[in-house]
There are 2 protein chains.
Amino acid sequence: MQLYSYFRSSASYRVRIALNLKGLAFETVPVHLLRNGGEQLTPEYRKLNADGLVPVLTDEKGDGEPAVLAQSLAIIEYLEEKYPRPALLPDNPVDRAYVRSLALSIACDIHPLNNLRVLRYLVRNLKISEEDKNSWYRHWCEQGLAAMERNLASAGKSGLFCFGDIPGLADCCLVPQIANAQRLECDLSNMPTIMRINDACLALEAFATAAPARQPDAE
Amino acid sequence: MQLYSYFRSSASYRVRIALNLKGLAFETVPVHLLRNGGEQLTPEYRKLNADGLVPVLTDEKGDGEPAVLAQSLAIIEYLEEKYPRPALLPDNPVDRAYVRSLALSIACDIHPLNNLRVLRYLVRNLKISEEDKNSWYRHWCEQGLAAMERNLASAGKSGLFCFGDIPGLADCCLVPQIANAQRLECDLSNMPTIMRINDACLALEAFATAAPARQPDAE
């Protein structure tokens, strides 16, 4: 398998964790989002992924042609179906929906607003100040993570990790989002549950080796 | 089943289509996003969904307590697992990942940027003009749909619908996004594939009855 990714991309980070949790070996193909006007926007990369976004995972289908997969959550669902053990989702539909909703609350309600291309648009097109840009970033990140903290507390389903004592899909999304939040100095002081889970995750090799600083393209 | 939703919410619209495609009866519980400072933000609603977002679906688990499900894509995956026929996803993992990636490219890369709360932040906090707000909206919508058009064309997997000749998860996301795009007068003139699929969908009762104008809370 090959993972086209950028060390700091949190969507790439999610997939690295999932691959590691499942014990699947992969080769990193770095795609530098800032260099050369963005390597993800080259015609060559767009042949892999018309969206011009990382990550992309390639996997052998067995017929000689590799499968080319985009969108981090679709990639992780694919891994879950193709390589089911260890599972990243619980067994029953209601619990699976709960874990997916946690993952989506990060992937849809926080991360897209703080993506590089969005921050660029705010600065270049809307001419907002550096200070306003950082306030925007922190606003969505803090509001979204606070909602997740409330969700985790009220559902009463977390254990060592977001769902029980086995790391899974929601943890794959949470840890990269916390890394972003810390990099931008968000206020995480009133989020004991998610910070406890973050610490438990980072103590695992699967999460630690997926961290941006440990990637071959890290700067 | 009860669907807590707002007629114009495109995430709610996705779930309505999925429920209709599966022939599942549901009761609409209107949550007005604009009235009373936003009914989705009341303490009562937040007990259902800490995120303060629509939709929420409730379904009987069989033990007396209803399951309470949030996040449109997690809800649709739940419906797919609990009520598998007719299927909204293809059979094999690679095709399933492809269809999910189309759905996520709308749910993660377009819709969150044009959400009501985000547009409000742009106007109220960043003080951008009405014109800049509309340009922002059209930028993400047109860019995202153009990428989807390229994806559909290059994958060569569309038929009458996004994947083959049976409507599914990607169509559940596409049609509400096109409705939004048209409401905001986005330029969809160079998107023959997605517009053809949109027309085919809207000719089906399952999509037509899910439209915002057909909901009990429509204004």
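Observations, loosely collected:
- Condition met for A:Gly52 (in contact with a Lys or Arg (Cβ under 6 Å, 6 or more places away or on another chain), in a loop (DSSP other than H, G, I, E, B), free of Cβ contacts under 8 Å to residues at least 40 places away in the same chain and not polar (S, T, N, Q)): yes
Conditions (1) in contact (Cβ under 8 Å) with a residue 12 or more places away in the chain; (2) farther than 23 Å from B:Ala218 by Cα; (3) within 9 Å of another protein chain (Cβ to nearest Cβ); (4) of a type in the set (S, T, N, Q), marked per residue:
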residue: B:Thr42; (1), (2), (3), (4): no, no, no, yes
residue: B:Pro90; (1), (2), (3), (4): yes, yes, no, no
residue: B:Val94; (1), (2), (3), (4): no, yes, yes, no
residue: B:Leu102; (1), (2), (3), (4): yes, yes, yes, no
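- Candidates B:Ile106, B:Ile194 - the one that is open to solvent by less than 20 Å² (accessible area, probe 1.4 Å), of a type outside the set (S, T, N, Q), modelled with pLDDT of 95 or more and within 13 Å of the chain's Cα centre (by Cα): B:Ile106
- Residue under evaluation A:Asp51, criteria (1) within 27 Å of A:Glu149 (Cβ to Cβ); (2) under 20 Å from the mean Cα position of the chain (by Cα), criterion not met: (1)
- Looking across the range B:58-67, the residues that are more than 9 Å from every other protein chain (Cβ to nearest Cβ) and either of a type outside the set (S, T, N, Q) or free of Cβ contacts under 8 Å to residues at least 24 places away in the same chain (or both) come down to B:Glu60, B:Gly62, B:Asp63, B:Gly64, B:Glu65, B:Pro66.
- Search result, residues across the range B:104-120 that are part of a helix (DSSP H, G or I) and either among the β-branched types (Val, Ile, Thr) or within 7 Å of chain A (Cβ to nearest Cβ) (or both): B:Leu104, B:Ser105, B:Ile106, B:Ala107, B:Cys108, B:Asp109, B:Pro112, B:Leu113, B:Val118
- In the range A:128-158, residue nearest to B:Arg117 (Cα to Cα) [restricted to those that are part of a loop (DSSP other than H, G, I, E, B) and more than 9 Å from chain B (Cβ to nearest Cβ)]: A:Ser129
- Any chance A:Arg100 is buried (at least 23 other Cβ atoms within 10 Å of the Cβ), among the basic types (Lys, Arg), outside the structural domain of A:Ile75 (by TED's automatic domain parsing) and under 27 Å from B:Ser105 (Cβ atoms): yes
- For B:Ser158: the one exception among (1) within 28 Å of B:Pro84 (Cβ to Cβ); (2) open to solvent by less than 10 Å² (accessible area, probe 1.4 Å); (3) among the small types (Gly, Ala, Ser): (2)
- All conditions but one from (1) open to solvent by less than 30 Å² (accessible area, probe 1.4 Å); (2) not in a helix (DSSP H, G or I) apply to B:Cys173; the one that does not is (2).
- The residues listed here are B:Leu48, B:Leu41, B:Leu57, B:Leu21; of these, the one that is closer than 19 Å to B:Pro176 by Cα and open to solvent by 10 Å² or more (accessible area, probe 1.4 Å) is B:Leu21.
- Test: residue in the range B:121-144 that is of a type in the set (Lys, Arg) and either surrounded by fewer than 14 Cβ atoms within 10 Å (Cβ to Cβ) or not assigned by TED's automatic domain parsing to the domain that holds B:Pro192 (or both): yes
The values are calculated or read from the model by the stated rules, or taken from the named source; none is laboratory data. This is a predicted model, so every value here is computed, not measured. With ideal geometry, Cβ positions are generated from the backbone for all residues, glycine too; neighbour counts draw on all protein chains shown. For the accessible areas, the whole protein counts, side chains as well, though only heavy atoms, and no ligand, DNA or RNA atoms are used. Shrake-Rupley method; radii C 1.70, N 1.55, O 1.52, S 1.80 Å.
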